[in-house]
Amino acid sequence: MATVLVTGGAGYIGSHACKALAAAGHVPVAYDTIEQGHRWAVQWGPLVVGDTADRPRLDAAIAEHRPEAVMHFAGYLFVGESVREPGKYYANNTAASVTLVQALTDAGIDKLVFSSTAAVYGTPDTVPIPEDAPKQPINPYGNSKWMVEQILRDVDAAKGLRSVSLRYFNAAGADPDGDIGEAHDPETHLIPRALMAAAGEISHLDLFGTDYPTPDGTAVRDYIHVTDLVAAHVQALDYLMAGGRTDAFNLGTGTGISVRQIIAAADRVSGAKTPVREAPRREGDPASLIADPSRAAKILGFAPKFTTIDPIVDTAWQWYRGGFQTHVGRGA
Ligand code: UFG
């Protein structure tokens with residue numbers, strides 16, 4: 001049983017990771033600026049308000065809590081913003097990660113699970129995408145994460161910090177118990193926006209692109225339930241605690257779902273007809289991103305429980321109608 005420092009522990013995926021760590025008997029210490037995260041999302045251990053770029057604050061948190069390992073979620077996540085403000089992304093996602101890694105190696109901490117992204121692959125040549133596919137990010141967000149993955153390999157070689165980089169496809173859904181869920185501001189992701197439109201909080205959902213070379217002309221993604229995603233982080237921690245070597249794994253279900261299929265799921269789950277307006281493609285969106293998750297299955301034991309889309313969208317809907325309204329309280 002380990003104390004684990006969880007940067008971004010008040011955020012969407014980080015808070016679900018804290019819950020999963022606690023359920024596995026670990027002690028999660030959330031380390032978060034609360035700029036994008038939420039105090040209400042920290043329910044399974046202490047919160048240290050701090051920035052990964054702030055070395056003295058990090059050193060103090062490490063000295064106080066003495067973590068055995070770190071899960072590093074803190075970072076900015078808006079692809080479009082990263083194109084307009086690349087410096088912001090390289091500073092917060094890349095440079096701050098270097099500060100964190102130096103603090104860890106100086107403190108003798110040798111295990112790190114890193115929140116990476118399918119955006120490292122850019123527009124893939126083929127799907128499903130294996131881990132050894134070319135890394136050709138097409139935006140600063142993806143590049144900022146890919147740079148960290150490369151830095152982590154060098155740091156392991158020099159300092160013995162072993163790490164697992166987990167490349168997420170589309171994280172979706174919410175804690176099935178309703179304790180926590182997605183609350184981005186602004187919210188740009190498809191499933192929450194479709195549900196906001198279904199509930200009447202926004203006038204309609206913009207459907208970005210109907211002319212993709214996909215079966216129904218809309219973009220295809222691999223939606224992985226956030227609870228399955230964080231279970232893989234606990235497995236990655238176990239792998240590192242058992243002496244596992246630095247590696248990177250895809251986390252997705254291996255199933256592609258189109259935007260129109262998500263809209264149909266939102267209709268079924270909400271019982272409403274989601275108002276949709278067809279719009280041009282969003283810049284930088286690949287037609288299809290589907291994981292080949294077989295290495296994570298084989299090496300980490302990754303086995304997602306949510307294998308169909310309706311239950312994923314349903315947990316997002318339950319959260320949107322419940323805890324989200326209690327804690328955030330926007331609209332409907
Ligand atoms: N979409 C719409 N309307 C919306 C929002 C999204 O049609 O209002 C479409 C997008 O064009 C895309 C799909 O729905 O085709 C999924 O979009 P999301 O914004 O939900 O997710 P992305 O696939 O763009 O992004 C996700 C992660 C990013 C990560 C990226 C990797 O959220 O952090 O995958 O490619 F960088």
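Kindly establish whether ALA171 is crowded, with 19+ Cβ neighbours inside 10 Å, in a helix (DSSP H, G or I) and in contact with a strand residue (DSSP E or B) (Cβ under 9 Å, 6 or more places away or on another chain). No: the conditions fail for ALA171.
For (1) open to solvent by less than 40 Å² (accessible area, probe 1.4 Å); (2) more than 9 Å from the ligand (Cβ to nearest atom), each residue gets a yes or a no:
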{"position": "THR255", "(1), (2)": "no, yes"}
{"position": "ALA266", "(1), (2)": "yes, yes"}
{"position": "SER270", "(1), (2)": "yes, yes"}
{"position": "ALA287", "(1), (2)": "yes, no"}
{"position": "ILE299", "(1), (2)": "no, yes"}
{"position": "PRO304", "(1), (2)": "yes, yes"}
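Please count how many residues of the range 156-168 are without any contact (Cβ under 8 Å) to a residue 24 or more places away in the chain and either within 11 Å of the ligand (Cβ to nearest atom) or open to solvent by less than 60 Å² (accessible area, probe 1.4 Å) (or both).
Taking the range 156-168 and keeping what is without any contact (Cβ under 8 Å) to a residue 24 or more places away in the chain, we get 157-158.
Now drop any that are not either within 11 Å of the ligand (Cβ to nearest atom) or open to solvent by less than 60 Å² (accessible area, probe 1.4 Å) (or both), which leaves none.
Counting residues in the range 156-168 that are without any contact (Cβ under 8 Å) to a residue 24 or more places away in the chain and either within 11 Å of the ligand (Cβ to nearest atom) or open to solvent by less than 60 Å² (accessible area, probe 1.4 Å) (or both) gives 0.
Are any residues in the range 204-227 more than 12 Å from the ligand (Cβ to nearest atom), of a type in the set (Asp, Glu) and open to solvent by less than 10 Å² (accessible area, probe 1.4 Å), and if so, which ones? Scanning the range 204-227 gives no hits.
Can you confirm whether the range 142-155 contains a residue that is of a type in the set (Lys, Arg), crowded, with 21+ Cβ neighbours inside 10 Å and assigned to a strand (DSSP E or B)?
The initial filter retains those residues of the range 142-155 that are of a type in the set (Lys, Arg), namely 145, 153.
With the extra rule that they be crowded, with 21+ Cβ neighbours inside 10 Å, the set shrinks to 145.
From the residues that got through so far, the ones that are assigned to a strand (DSSP E or B) too are none.
Scanning the range 142-155, I find no residue that is of a type in the set (Lys, Arg), crowded, with 21+ Cβ neighbours inside 10 Å and assigned to a strand (DSSP E or B), so the answer is no.
Residues in the range 181-203 that are surrounded by 18 or more Cβ atoms within 10 Å (Cβ to Cβ), away from the ligand (no atom under 12 Å from the Cβ), modelled with pLDDT of 95 or more and in a loop (DSSP other than H, G, I, E, B): 1 in all.
Looking at ARG55, ARG39, which one is more than 25 Å from LEU240 (Cα to Cα), surrounded by fewer than 17 Cβ atoms within 10 Å (Cβ to Cβ), out of contact with any His (no Cβ under 9 Å at 6 or more places or on another chain) and basic (Lys, Arg)?
That would be ARG39, the only listed residue that is more than 25 Å from LEU240 (Cα to Cα), surrounded by fewer than 17 Cβ atoms within 10 Å (Cβ to Cβ), out of contact with any His (no Cβ under 9 Å at 6 or more places or on another chain) and basic (Lys, Arg).
For the structure I just gave you, tell me whether THR126 is in a loop (DSSP other than H, G, I, E, B) and surrounded by fewer than 20 Cβ atoms within 10 Å (Cβ to Cβ). In short, yes. Within the range 73-85, residues that are under 16 Å from ARG167 (Cα atoms) have Cβ atoms under 8 Å from residues that are open to solvent by less than 30 Å² (accessible area, probe 1.4 Å) and acidic (Asp, Glu) in these pairs: ALA74/ASP32, counting only partners at least 6 apart in sequence or on another chain.
Each residue in the range 272-285 was checked for being open to solvent by less than 70 Å² (accessible area, probe 1.4 Å) and more than 16 Å from the ligand (Cβ to nearest atom), and 1 of them qualify. The criterion of at least 1 residues that are closer than 30 Å to ALA158 by Cβ and not hydroxyl-bearing (Ser, Thr, Tyr) is met, among strands (runs of 3 or more DSSP E) falling completely within the range 204-259, by 247-251. When GLN102 is tested against (1) open to solvent by less than 30 Å² (accessible area, probe 1.4 Å); (2) part of a helix (DSSP H, G or I); (3) more than 21 Å from TYR168 (Cα to Cα), just one condition goes unmet, and that condition is (1).
The values are calculated or read from the model by the stated rules, or taken from the named source; none is laboratory data. None of these values were measured; they are calculated from a predicted model. Virtual Cβ from ideal backbone geometry, glycine too; neighbours counted across all protein chains shown. These area figures cover heavy atoms from the full protein model, side chains too; ligands, DNA and RNA do not enter into them. Shrake-Rupley method; radii C 1.70, N 1.55, O 1.52, S 1.80 Å.
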